[in-house]
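The values are calculated or read from the model by the stated rules, or taken from the named source; none is laboratory data. Keep in mind that what you see is a predicted model, and the values were worked out from it rather than measured. Cβ sites come from the backbone with ideal geometry, for glycine too, and all protein chains shown count toward neighbours. Note: areas computed on protein heavy atoms with side chains; ligands, DNA, RNA excluded. Shrake-Rupley method; radii C 1.70, N 1.55, O 1.52, S 1.80 Å.
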Amino acid sequence: MAATAMPGLPRAAHQVLLDCSMGVSELEHQIAAIASLDEPVRRCLYRYVVRQRGDVGRDEAARAVGISRALAAFHLDKLVERGLLATSFRRLTGRQGPGAGRPAKLYRRSDGQLTLALPPRRYELMGRVFARALAASSVVPRDLERVARDTGRRLGAAARRLHAATRPTATRLLARLTAVLAEWGYEPLARNGEIRLRNCPFDALANECRPLVCGTNLALLRGLLAGLGVRAVQAELHPEPGSCCAVLRATRRRTR
């Protein structure tokens, strides 16, 4: 529906109303999506879903947050509406045929990405240009891995200095490592002697220039381990769909 002129309204203000009436812009969509997480219950549900390795049903989400199934369903569907979650349908009982019941609605993190910067910034676009140029070159600069490692080492050393007053035990070093990885957006998950990185902060670049970006990422992580002084963990390439290409594993002790 077109906006109509309003008597007494300045022309500039009328133009703003006209622009707003012409549909929801990408900026407005992102603002609405991020603002939807300001609701505490919805935010808790979102955090729970994205931390799980598999799809999550309404009953499971409701139990995890401590709310009713109906309330969980309401907030989960709002997150889907805003593009923050995606859905699938599957029978959870494993039964097939008549009497097996309706498939359950399951939720997982969507593949969409929210990047809000005011004023607008397009660092990812320039990063893609750089990555494509390097990948297209017949000789990838050897300095790239060195710079990535040095950057990781420098940032790791800075994080270690923040806790210089405490004794750097193995447990504390691992806790610092996990905290830095979380701050950088890797979404680390410690399990069975490994730290899985459930998110790739460089996903858009990796999708276009995977060998280049993953190799640089590995050097960055190895530098981080060195800077933090974490010697009991090593970074290795272990590509897995939906997560970072690297995994951090406890080093094996040499037997005499």
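Please list, in order along the range 63-68, the HN-Hα scalar couplings obtained from phi with the Karplus expression 6.51 cos²θ - 1.76 cosθ + 1.60 (θ = phi - 60°), rounded to whole Hz, x for Gly and Pro.
5, 5, 8, x, 10, 6
Local charge sum around Val129 (other residues, Cβ-Cβ under 13 Å, Lys/Arg +1, Asp/Glu -1)? Before the final figure, lay out the partial values.
Numbers: positive: Arg122, Arg128, Arg132; negative: Glu124, Glu208.
Taking every Cβ under 13 Å from that of Val129, the sum is +1.
Give me the orientation-averaged projected area of the Cα convex hull of the range 126-219, in nm², one decimal.
Its average projected convex-hull area is 7.0 nm².
For Ala104, what residues show an amide H to amide H distance below 5 Å, using hydrogens built from the backbone and excluding near sequence neighbours?
Answer set, sorted by chain and number: Arg90, Arg91, Leu92.
Using a 1.4 Å probe and counting only protein heavy atoms, arrange Ile67, Ile31, Ile195 so the residue with the most accessible area comes first.
My answer, sorted largest first, is Ile31, Ile67, Ile195.
Over the residues of the range 196-256, compute the C-alpha Rg and express it relative to 2.2 N^0.38 Å.
Working: Rg = 12.7 Å, N = 61, 2.2 N^0.38 = 10.5 Å.
Here the answer is 1.21, to two decimals.
Whole percent per 5 Å bin, from 0 to the bin with the longest distance: what is P(r) over all C-alpha pairs of the range 36-194?
Reading the bins upward from 0: 1, 7, 11, 12, 12, 13, 13, 12, 9, 5, 3, 1, 0, 0.
Rounded to the nearest 10 Å², what accessible area does Thr216 show when all protein chains are kept and the probe is 1.4 Å?
Approximately 40 Å² for this residue.
Show the residues, 5+ positions off or on another chain, whose built amide H is closer than 5 Å to the amide H of Ala86.
Arg108, Arg109, Ser110
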